[in-house]
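Report on the structure given below.
Every read-out reported here was derived from the displayed coordinates using simple, explicitly stated rules and does not represent laboratory data. The shown structure was predicted, so the numbers you read here are calculated from the model rather than taken from an experiment. Glycine gets a Cβ as well: all are built from the backbone with ideal geometry, and neighbour counts include every protein chain shown.
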Amino acid sequence: MAGGRFRRRGQPDPAEPERPAEHVEVRGGGVGAGADVAGNAIGSRSTVTNNFNYYGPAEPEPRSGAPAPSGAAQPAPEAPDERRYQVFVSSTSLDLRQHREAVIDELVTEGYIPSGMELFDARSEGAWDVVARVINDCDYLVLILGARYGDLNGGTVSFTEREYDHARSLGKPILVFVHSDPAELHTDSWQPTPEDTERLAVFREKVRGERLWRPWRTVSGLRSDVTRSLRLAVRHNPQPGWVRGNSTAHTFSAEWQNLVAPGTQIGVARISVDGQAGNALSENLGKAASIGIMSTSGKRLIEIQTPYLTKALVAGARLRVLVPVSDGQFLADVDESESLWDERSPIAAEVREVEARLRAIVREARARSTAAGSAAGSAAGSAEIGFFTTHLRSTMILCDRTWGWITLTLPPARAPETPSLELRGTEEFGLIDACWKHFDRTWAIVQERGEVRTIT
């Protein structure tokens, strides 16, 4: 049925087995107000039940343009639902031929994708194999009971009952319509056998004992009842449906597979286009036991985050900061590249201030620990600073192995003009683990060169 035109929502390849629908919840969320992470100033899911009363009166739709209740926030506009639902029409044929045609015509008019035995072409495989596979792909099954039980085809159960049982075993929503007086469907050219009548009575009682159902008598009444019940079913028990391959929903699915899913897998929690980390940076610095900061300057970062770095040291954290050698070629190259900016002091001058700021943080942390009763401030954590000779123009902040932040700056572009990544720890090796691996290796190198000092 998909035929390359329609695809299951959330499934890039209709040939793959259908997966259960997933519930995805998306919530919206600088170092400080008006600053990027490097310190540069910048400007419920519905309850699913196959026994829902789809046959009751339709719920009133909210009036278009009506104001929200007092004190209520205006809801965000929703993207149009581009899904089309596939509906399998199950019934006997001899007594209900015109009824089936009328229902299928109405389904097409209402935008559904109808399926039924009369729509199948010649196949080399067995008839039941075809029926079962089509039911597997359908979203809803409409069961119409008339005056016949149906052909047994050499078995003990009719195709109609097998279709019902198969849909029920898959948990498909089933809408049942039972004729009020089957004798009205008898004709001079066709009368049911006593055995067929008895089997139909047993099947009717089985269905009515397991499902809510609606009686019907006329073709026009059946047409309207089926489509109205389907509208309620879609509202209260939505299924995956089908979308066009070039639809918005499918495009989003492709973007999810190409961007969101891989990013989530390696631990990218958010992409910031303005360099601002928000409150997450301060919160994670304040509670981290191990902090690694690698920055081209770090002055503004440490200045703004002083209260949270102090809090972490009071709690016994280990803080390591890596900055460039102040008189090295790396900073000279960065300053030259960024000379296109407004006049600013050389980064080397900022780097020379970092150690002094760290010293002030350590002293404050030890003073607080002493005031809290720790002997000589021994409970306070430690801070060290190391000096590297080459590095990307970037800022990397790592808090334990659970949270991290990377701002990649590409001079002469400013930090807010390049992307920043917020990182989360993952069960397997992720980007935050790669960052720690890079940090620890760089730290080991500068330590071997004697370029690490303990802050006292």
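So the values come out like this:
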item	result
Reachable lysines from Lys311, criterion Cα separation under 23 angstrom, eight or more residues apart if same chain	Lys287, Lys299
Cβ-Cβ FRET estimate between Glu283 and Arg244, R0 fixed at 41 Å, reported to 0.05	0.40
Extension reserve of the Glu353-Lys437 stretch, reckoned as 0.36 nm per residue once the Cα distance is removed	27.5 nm
Estimated FRET transfer efficiency (Thr306, Glu336; beta-carbon r; R0 30 Å; 0.05)	0.45
Pairwise label distance in nanometres, Ala132 with Thr109, each label 7 Å out on the Cα-Cβ vector	3.6
Peptides 204-211, 324-331, 146-153 ordered by average Cβ neighbours within 10 Å, highest first	146-153, 324-331, 204-211
Shape call, region 395-456: gyration tensor on alpha carbons, a/c limit 1.5	oblate
